[in-house]
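The values are calculated or read from the model by the stated rules, or taken from the named source; none is laboratory data. Computed from a prediction, not measured in an experiment: that's the story for all the values here. Note that we place each Cβ from the backbone using ideal geometry, even for glycine, and neighbour counts take in every protein chain shown. When the accessible area is computed, the model is the full protein with side chains, heavy atoms only, and any ligands, DNA or RNA have been set aside. Shrake-Rupley method; radii C 1.70, N 1.55, O 1.52, S 1.80 Å.
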Amino acid sequence: MRKKEKALREMDAIMNHKPLKARVFQRWQLYLLLLVPVAFVLVFNYGPMAGLVIAFKNYNVRQGIFGSTWVGLDNFKEFFTSFRFPSIMKNTLVLSLYNLVVTFPIPIIFALLLNCLHGEKYKKVVQTVTYIPYFISTVVMVGLVFQILNNRSGLYGSFYQLINGTVGPNILAEGPLFKHIYVWSGVWQGTGYSAIIYIAALSNVDETLHEAAVIDGASRWQRVLHIDIPTILPTASIMLILAVGNIMNMGFEKVLLMQNNLNLDYSEIISTYVYKVGLASGINDFSLSTAISLFNSVVNFLLLILANFTSKRLSGNGIF
């Protein structure tokens, strides 16, 4: 085994001393396979970035992107001075932070609890049952939420009438309850899927560590605290950085489907506002919607940099 590892190291050393052209030619099959994902990223991720110039122009379809009048930062000023700006930012931040605080630790806790179970078949059944809701489409998911929480014919309404004898309040129309319904329905749908990466990390724990801890008299909680959690900490750090980097990108489809005229003051966020300004309104202000999207992306980028820097300073783990 040592001879094989030594031979591999010598081969890598030889390859690294070769010119780049020779290395590419020798492994041309791998680079050929890379062409498809690279082309996908260039076409669908970097290509559309040229359209960001619309944010600084008064876009006109007839004149085109580069022929439209240049207005500088006027579109950004219009958004920042809008009477909707404070409420939209507040709703976006409240919903995003609430969602992050709740949905990030729960999959970790679920993975640790599942790892503590002894029966392998039971563990697989529990993991499968919690994993299935992830494959429910957003439209169907929101429909289930509406059916269950309907104050007249839903599960909630039926129990309320059974206990109190009257029709229950319409909680779907209560604006302050919107964030709770959104976040906790997301917990039900995404916990099993989000826990997969932590379950995979826990499967790499050396069993001899647990055996040695048991011999030393460590309890199950002590083994989780000193063996399992340190094992998944690097993975959790990376996932937290990515989550913070997307903190302003809430689930657009789900929020839009759950909105109604009664909870709009609590549910209007940046992504839904961009959709309405750019496509759903009669004016179709593409320049303003692009400016808002660009502002949102810049904030996410800065948060990603800050989260990565903080993580590397505190735990030594980061994505770059």
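Those helices (runs of 4 or more DSSP H) of segment 157-226 that lie entirely within it include none in which at least 1 residues are open to solvent by 80 Å² or more (accessible area, probe 1.4 Å), in contact with a strand residue (DSSP E or B) (Cβ under 8 Å, 6 or more places away or on another chain) and assigned by TED's automatic domain parsing to the domain that holds residue 266. Being touching a residue at least 60 places away in the same chain (Cβ under 8 Å), of a type in the set (A, V, I, L, M, F, W, C) and either more than 30 Å from residue 96 (Cβ to Cβ) or surrounded by fewer than 18 Cβ atoms within 10 Å (Cβ to Cβ) (or both) narrows it down to one residue among 229, 241; which is it? It is 229. A residue that is among the β-branched types (Val, Ile, Thr), closer than 30 Å to residue 252 by Cα and either open to solvent by less than 100 Å² (accessible area, probe 1.4 Å) or modelled with pLDDT under 90 (or both) occurs somewhere in segment 80-91. Going by what's in this entry, would residue 134 be described as in a helix (DSSP H, G or I), open to solvent by 60 Å² or more (accessible area, probe 1.4 Å) and in contact (Cβ under 8 Å) with a residue 40 or more places away in the chain? Yes: the conditions hold for residue 134.
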